[in-house]
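Encoded as structure tokens, the structure appears first; notes follow it.
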Amino acid sequence: MTTHSRVLFTAPGRVTTETVDEPAAQLPPGHVRIAPHYLGICGSDLHVLHGGHPFARPPLVPGHELSAVVTETAPDVAGVAVGDRAVIDPIMACGTCRACRAGRPNLCEPPNVAGFRAPGFGRTSHVVPAANVHVAPADLPLDRLAFAEPLACAVHCLSRIPDPADREELLVIGAGTIGLTIVRALRVAGAGRITVQEPDPAKRALARRLGADAAVAPGELPDGAAFTGVIDVVAAQPTLAEATARVVPGGRVVVMGVPNGPREVPLPSMQRFERDLVGSAMYVPADFDTAIGWLADGRFDTEDLITDTFPLRDAEAAYRRAEAPDSIKVLVRLAD
Ligand SMILES: [Zn+2]
Ligand SMILES: [Zn+2]
């Protein structure tokens, strides 16, 4: 038997830590065993915790943002070794469908993502496919490495607005964790002037520090202000209305937020003036490698973004803290 601990959402709103004994199982071919170190908490986890997610409901083990150390590899695994520091891609894609074959496993259906349909990462030992392991440099601290998943989301978002012309004059609506990460990622990857729209003054100040040229509260943009690209990280009806109204002819709107229902768009002006509207959802494997590279060479600094770290025994406090508006990224430390 082996003993490990895990975070468990027992019922809507209830978080606990539990220790379980499991028979020591042999690794399936193509898999590795990992010792998870840091788990990031994100808004979608809180959604699951409160019973508001469409299909992932308590009781379950949550977690999809993880840094880990590889502790065992199946004999047929190459490219991943015991002792490697790694990030685990939580998308357990089928690998054979049209989307997977096209290199877009984020579009595999149904989405089989750790912490939602697949077993969550909030545990001290886990077995994952080697194909989902992204090895990081040995000197990259494991807490920073846990930020690779939200950063991969931002890197992917940038790939949805690849034309430098669309990045000349950008509006980012919403400066929560992902909005702030996008601002910094835009600065790293190259962008012109960045304006952020966000109601919280502290987050506006942080957006400025991370590279935004201007940060305004909703309603503060002057009447004719227009942007070559708009990233809507909120995806509510008012923010989408603002995004589609503010984008220039031929410009692009990226829906990065998760809308909780249908939204209206002004189709006549979108059609007549070739304004593009695209979505961005999770990431593809290459986005993780870009994220790890930026974290490793210091271009992307997590200092202002990781606001709290809690030990596993205080997981409940960690999830409460993640709900506080003045936290950005809260981590749970799964191993010492
Ligand atoms: Zn997340
Ligand atoms: Zn697939």
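The values are calculated or read from the model by the stated rules, or taken from the named source; none is laboratory data. All of these numbers come straight from a predicted model, not from anything done at the bench. Positions of Cβ are backbone-derived with ideal geometry, glycine not excepted, and every protein chain shown enters the neighbour counts. When the accessible area is computed, the model is the full protein with side chains, heavy atoms only, and any ligands, DNA or RNA have been set aside. Shrake-Rupley method; radii C 1.70, N 1.55, O 1.52, S 1.80 Å.
Below are the figures for this structure:
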read-out	value
Answer from Cys94, Cys100 - the residue that is without any contact (Cβ under 8 Å) to a residue 24 or more places away in the chain, more than 19 Å from the chain's Cα centre (by Cα) and either open to solvent by less than 50 Å² (accessible area, probe 1.4 Å) or assigned by TED's automatic domain parsing to the domain that holds Val255 (or both)	Cys100
One residue from Ala81, Ala93, Ala99 being out of contact with any strand residue (DSSP E or B) (no Cβ under 8 Å at 6 or more places or on another chain), farther than 21 Å from Phe9 by Cα, more than 16 Å from ligand 1 (Cβ to nearest atom) and part of a loop (DSSP other than H, G, I, E, B)	Ala93
Flag for Pro75 being closer than 20 Å to Ala56 by Cβ, part of a loop (DSSP other than H, G, I, E, B) and not polar (S, T, N, Q)	no
Residue list for the range 106-126, restricted to those being open to solvent by less than 50 Å² (accessible area, probe 1.4 Å) and more than 16 Å from ligand 2 (Cβ to nearest atom)	Gly115, Gly120, Phe121, Gly122, Arg123, Thr124, Ser125, His126
Residue match in the range 48-65 (condition: part of a helix (DSSP H, G or I) and under 24 Å from Val87 (Cβ atoms))	yes
Pair list, Cβ < 8 Å and 6+ apart or interchain, from the range 282-311 residues that are closer than 22 Å to Met256 by Cβ to residues that are among the acidic types (Asp, Glu) and outside any helix (DSSP H, G or I)	Tyr283/Asp89; Pro285/Asp89; Phe288/Asp89; Thr307/Asp326
The range 141-190 - residue that is out of contact with any strand residue (DSSP E or B) (no Cβ under 6 Å at 6 or more places or on another chain), surrounded by fewer than 18 Cβ atoms within 10 Å (Cβ to Cβ) and charged (D, E, K, R) and, of those, farthest from Val284 (Cα to Cα)	Arg187
Filtered residue count, the range 1-50, keeping only those that are free of Cβ contacts under 8 Å to residues at least 12 places away in the same chain and either in the same structural domain as Val234 (by TED's automatic domain parsing) or more than 30 Å from Val233 (Cα to Cα) (or both)	1
Test: residue in the range 104-124 that is within 16 Å of ligand 1 (Cβ to nearest atom), of a type in the set (Val, Ile, Thr) and assigned to a helix (DSSP H, G or I)	no
Residue match in the range 78-89 (condition: out of contact with any Leu (no Cβ under 8 Å at 6 or more places or on another chain), of a type outside the set (Ser, Thr, Tyr) and within 16 Å of ligand 2 (Cβ to nearest atom))	yes
Residue match in the range 141-155 (condition: free of Cβ contacts under 8 Å to residues at least 60 places away in the same chain and either aromatic (Phe, Trp, Tyr) or within 30 Å of Gln26 (Cα to Cα) (or both))	yes
Residue match in the range 34-45 (condition: open to solvent by 40 Å² or more (accessible area, probe 1.4 Å), more than 16 Å from ligand 1 (Cβ to nearest atom) and assigned to a strand (DSSP E or B))	no
All positions within the range 283-307 that are assigned to a loop (DSSP other than H, G, I, E, B) and either open to solvent by less than 20 Å² (accessible area, probe 1.4 Å) or more than 16 Å from Thr177 (Cβ to Cβ) (or both)	Tyr283, Val284, Asp297, Gly298, Arg299, Phe300, Thr302, Leu305
The range 239-297, residues that are among the hydroxyl-bearing types (Ser, Thr, Tyr) and over 27 Å from Glu220 (Cβ atoms)	Tyr283, Thr290
Selection count where residues are open to solvent by less than 60 Å² (accessible area, probe 1.4 Å) and outside any strand (DSSP E or B), scope the range 322-336	6
Enumerated strands (runs of 3 or more DSSP E) restricted to the range 171-278, each holding at least 3 residues that are in contact with a helix residue (DSSP H, G or I) (Cβ under 7 Å, 6 or more places away or on another chain)	227-232, 247-255
